[in-house]
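Structure record follows, encoded as structure tokens.
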Amino acid sequence: MLRLFDTAAGTVRPFEPRTPGKVSMYVCGPTVYGPPHLGHGRFSLVFDVLRRYLEWSGLDVTYVSNITDIDDKIIDRANTEQRPWQEITESCEAVWYRAMDAIGVKRPTHDPHATAYVEQMVALIARLIEAGAAYETSDGVYFRPLEVGDYGLLARQDIESLQVGARVDVVDEKESPIDFALWKKAKPGEPSWPSPWGDGRPGWHTECVVMSLDLLGEGFDLHGGGQDLCFPHHENERAQAVADGKVFARHWVHNGFVMVDDEKMSKSLGNFTNLLDLIDRYDARAYRLLCLQSHYRSPIDVNEKNSAQATAALERYDALARRIAGLGDGVPPDTATIERFVGHMDDDLNTPRALAVIAETVTEINRRLDIEDIAGTEPLAAAFRSMLVAVGLTVDDEVAAVGDEAATLCRQRDDARAAKEWARADEIRDQLQAMGYVVEDTPTGTKVRKG
RNA sequence: GGCGACGUGGCCGAGUGGUUAGGCAGAGGCCUGCAAAGCCUUGCACAGGGGUUCGAUUCCCCUCGUCGCCUCCA
């Protein structure tokens with residue numbers, strides 16, 4: 001059984017879905033005002049791995065991840081660029097999904113947009129006012145965290161220290177510095193929606209409360225995001241749900257931060273924090289492998305060296321995939337291997353350990369193939385493929401189609417080698433390498449692939 | 001000021017009170033016509049100082065260092 005760290009409990013505990021066999025998870029998605037960065041990439045990959053692993057385990061997963069398309073930053077950008085804000089949100093969303101597709105993140109089951117939920121948000125805010133958890137001021141509606149008994153649960157701080165530490169400017173009409181806006185009354189020129197408190201727009205955190213409960217229902221299984229979302233975002237979502245008398249998420253999962261090399265290095269790295277740049281420079285799978293190589297709750301450092309290392313590691317998987325093409329199809333995966341893998345994955349998603357099992361399996365398969373133990377290889381090959389599916393890693397087992405010219409050279413080289421004309425064979429190899437191919441001799445003749 | 005995380009061999013990164021993580025890179029060997037791929041072998045590792053213990057990298061305390069959060073950040 002899967003055990004996961006739960007931020008609210010502060011400890012690893014069993015992950016028990018509300019309905020056996022089904023999992024409902026909500027992962028806070030992007031605010032669409034700019035290109036996705038490495039942090040977006042990490043949380044997307046971490047929760048994609050979790051989702052795939054659950055599905056691989058036979059569970060039916062409903063995965064909801066929102067698109068926040070109402071936000072001050074969107075409005076700012078629209079004003080700065082003199083463009084309609086919808087144009088910004090639409091183009092950013094397109095870029096977002098392009099990046100997600102590139103790194104192999106499955107599309108969510110539902111991707112609710114904040115703009116489609118304004119009415120429900122207004123209704124929630126009205127109920128919160130009625131319940132005494134929120135109050136209207138001249139510029140909006142504010143929430144009173146002090147009304148929520150266990151406020152600070154996710155932040156792991158008590159409410160007093162939150163008040164003492166609050167760095168926000170105290171707005172005159174706010175009762176407490178920790179109160180936050182649920183509704184912002186519109187200023188001239190701002191996009192707005194009607195409400196009992198005048199035209200305006202939703203404030204903070206409300207959209208996720210409404211959308212998660214609408215699509216997943218009360219007491220949904222898991223709510224996730226980056227560690228920076230613990231507070232204030234998730235804390236405030238939870239506070240609103242609690243104040244509304246709702247049972248909210250049963251399990252809170254947060255992934256660690258992404259570090260990029262310090263300023264000294266970043267100069268040479270350029271705009272390295274942009275996810276699209278990373279994909280551009282390295283194998284698109286490399287970032288997933290990097291994320292898998294460290295535990296999801298640890299910080300990871302992304303830099304050129306790590307990315308290059310991950311890319312090199314992928315080649316080993318690809319090489320094996322080519323070697324076992326056609327082997328092990330329809331054969332049950334090796335039980336002992338899968339059990340070890342599952343044991344590590346179930347242990348709070350210990351992907352580094354799980355990856356070690358995969359690496360050991362690769363070695364074992366190669367060893368058996370070296371001695372032509374095909375029968376012994378097949379269950380391991382099946383296990384290898386299965387484990388990759390579980391973590392969402394793809395391998396390239398295609399011997400890439402090569403041009404006619406290269407194919408001809410391969411045949412000529414085979415002829416030369418058969419005739420033991422080594423100088424001629426080496427010459428042709430040099431030629432192929434100059435064309436950008438990696439040349440390998442195999443029992444079935446010269447094989448080339450793009451290096 | 002408050003809360004929290006972390007410091008492991010050339011690099012990345014798991015883990016454990018006494019026994020091999022794993023990957024990448026390096027060295028040697030096997031295989032190969034030579035390579036490539038693959039396999040085998042190989043590396044005073046656990047920030048520093050105390051303490052508990054028969055024994056600590058692993059538990060406790062302190063120090064140093066790095067980092068995150070404390071209301072609009074994934």
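The values are calculated or read from the model by the stated rules, or taken from the named source; none is laboratory data. This structure is a prediction, so every number in the text was calculated from the model and none was measured. Backbone-built Cβ (ideal geometry, glycine too); neighbour counts: all protein chains shown. Accessible surface areas use protein heavy atoms only, side chains included; no ligands, DNA or RNA. Shrake-Rupley method; radii C 1.70, N 1.55, O 1.52, S 1.80 Å.
Residues in region A:383-401: is at least one touching a Pro at 6+ places or on another chain (Cβ under 7 Å), in the same structural domain as residue A:330 (by TED's automatic domain parsing) and free of Cβ contacts under 8 Å to residues at least 60 places away in the same chain?
yes
List every residue pair whose Cβ atoms sit under 8 Å apart, with the two residues 6 or more apart in sequence or on different chains, where the first one lies in region A:224-239 and is farther than 22 Å from residue A:124 by Cβ and in contact (Cβ under 8 Å) with a residue 12 or more places away in the chain and the second, anywhere, is assigned to a strand (DSSP E or B) and within 7 Å of RNA strand B (Cβ to nearest atom).
Final answer for the pair search is A:226/A:255; A:227/A:255.
What is the one condition in (1) modelled with pLDDT of 85 or more; (2) not in a loop (DSSP other than H, G, I, E, B) that residue A:265 does not satisfy?
All conditions pass for residue A:265, except number (1).
Residue by residue through region A:148-161, note down the ones that are more than 10 Å from RNA strand B (Cβ to nearest atom) and surrounded by fewer than 16 Cβ atoms within 10 Å (Cβ to Cβ).
Scanning region A:148-161 gives A:149, A:150.
Write out, first by first residue and then by second, each pair whose Cβ atoms fall under 7 Å of each other, whose residues are 6+ apart or on separate chains, and whose first residue, in region A:107-131, is of a type in the set (Ser, Thr, Tyr) while the second is part of a loop (DSSP other than H, G, I, E, B) and buried (at least 17 other Cβ atoms within 10 Å of the Cβ).
These pairs meet every condition: A:115/A:69; A:115/A:70.
Mind telling me which of the residues A:53, A:63, A:97 ends up being within 16 Å of RNA strand B (Cβ to nearest atom), modelled with pLDDT of 95 or more, closer than 23 Å to residue A:256 by Cβ and not in a loop (DSSP other than H, G, I, E, B)? So that I can check it myself, show each step before the final result.
On the way: A:53 fails: within 16 Å of RNA strand B (Cβ to nearest atom); A:97 fails: closer than 23 Å to residue A:256 by Cβ.
Only one candidate qualifies: A:63.
Does residue A:103 qualify as being surrounded by 21 or more Cβ atoms within 10 Å (Cβ to Cβ) and closer than 23 Å to residue A:203 by Cα? Spell out how you get there, then give the answer.
On the way: surrounded by 21 or more Cβ atoms within 10 Å (Cβ to Cβ): yes; closer than 23 Å to residue A:203 by Cα: no.
No: the conditions fail for residue A:103.
Could you look through region A:1-33, keep only residues that are polar (S, T, N, Q) and in a strand (DSSP E or B), and pick out the one that is nearest to residue A:222 (Cα to Cα)? Don't jump to the end; show me each part of the working.
Our first condition is that a residue be polar (S, T, N, Q); within region A:1-33, this holds for A:7, A:11, A:19, A:24, A:31.
Checking which are in a strand (DSSP E or B) leaves us with A:11, A:19, A:24, A:31.
On the way: A:11: 15, A:19: 12, A:24: 6, A:31: 20 Å.
Looking at the filtered set, the residue picked out is A:24.
Residues A:23, A:61, A:46, A:27: which one is in contact with a Pro (Cβ under 6 Å, 6 or more places away or on another chain) and surrounded by 20 or more Cβ atoms within 10 Å (Cβ to Cβ)?
Step by step, each of A:23, A:61, A:46, A:27 is checked, and only A:23 is in contact with a Pro (Cβ under 6 Å, 6 or more places away or on another chain) and surrounded by 20 or more Cβ atoms within 10 Å (Cβ to Cβ).
With the checklist (1) of a type in the set (A, V, I, L, M); (2) touching a residue at least 40 places away in the same chain (Cβ under 8 Å); (3) open to solvent by 60 Å² or more (accessible area, probe 1.4 Å) in hand, flag the one item residue A:406 doesn't pass.
(3)
Of the conditions (1) under 26 Å from residue A:11 (Cβ atoms); (2) within 13 Å of RNA strand B (Cβ to nearest atom); (3) open to solvent by 10 Å² or more (accessible area, probe 1.4 Å); (4) not hydrophobic (A, V, I, L, M, F, W, C), residue A:201 fails just one. Which one is it?
(1)
Would you confirm whether or not region A:375-392 contains a residue that is at pLDDT below 90 and either surrounded by 16 or more Cβ atoms within 10 Å (Cβ to Cβ) or more than 10 Å from RNA strand B (Cβ to nearest atom) (or both)?
From region A:375-392, those at pLDDT below 90 are none; that's our starting set.
No - not one qualifying residue is present in region A:375-392.
Out of the residues in region A:343-367 meeting the condition of being among the charged types (D, E, K, R) and within 9 Å of RNA strand B (Cβ to nearest atom), tell me which one is surrounded by the most Cβ atoms within 10 Å (Cβ to Cβ).
Residue satisfying both the conditions and the ranking: A:348.
Note down all Cβ pairs under 8 Å where the first residue falls in region A:313-338 and is under 12 Å from residue A:378 (Cα atoms) and in contact (Cβ under 8 Å) with a residue 12 or more places away in the chain, the second is open to solvent by 30 Å² or more (accessible area, probe 1.4 Å) and hydrophobic (A, V, I, L, M, F, W, C), and they're at least six residues apart or on different chains.
Going by the 8 Å Cβ cut-off, the qualifying pairs are A:325/A:399; A:327/A:374.
If residue A:75 meets every condition in (1) among the hydrophobic types (A, V, I, L, M, F, W, C); (2) at pLDDT below 95; (3) out of contact with any strand residue (DSSP E or B) (no Cβ under 8 Å at 6 or more places or on another chain); (4) surrounded by 23 or more Cβ atoms within 10 Å (Cβ to Cβ) apart from one, which number is that one?
Residue A:75 satisfies every listed condition except (4).
Looking at this structure, is residue A:416 touching a residue at least 12 places away in the same chain (Cβ under 8 Å), in a helix (DSSP H, G or I), near RNA strand B (Cβ under 10 Å from one of its atoms) and not assigned by TED's automatic domain parsing to the domain that holds residue A:100?
yes
Are any residues in region A:211-247 at pLDDT 95 or above, more than 16 Å from RNA strand B (Cβ to nearest atom) and hydrophobic (A, V, I, L, M, F, W, C), and if so, which ones?
A:213, A:215, A:216, A:220
Out of A:287, A:282, A:296, report the one residue that is at pLDDT 85 or above, aromatic (Phe, Trp, Tyr) and within 10 Å of RNA strand B (Cβ to nearest atom). Break it down stepwise before answering.
Numbers: A:287 fails: within 10 Å of RNA strand B (Cβ to nearest atom); A:282 fails: within 10 Å of RNA strand B (Cβ to nearest atom).
A:296 is the lone residue from the list that is at pLDDT 85 or above, aromatic (Phe, Trp, Tyr) and within 10 Å of RNA strand B (Cβ to nearest atom).
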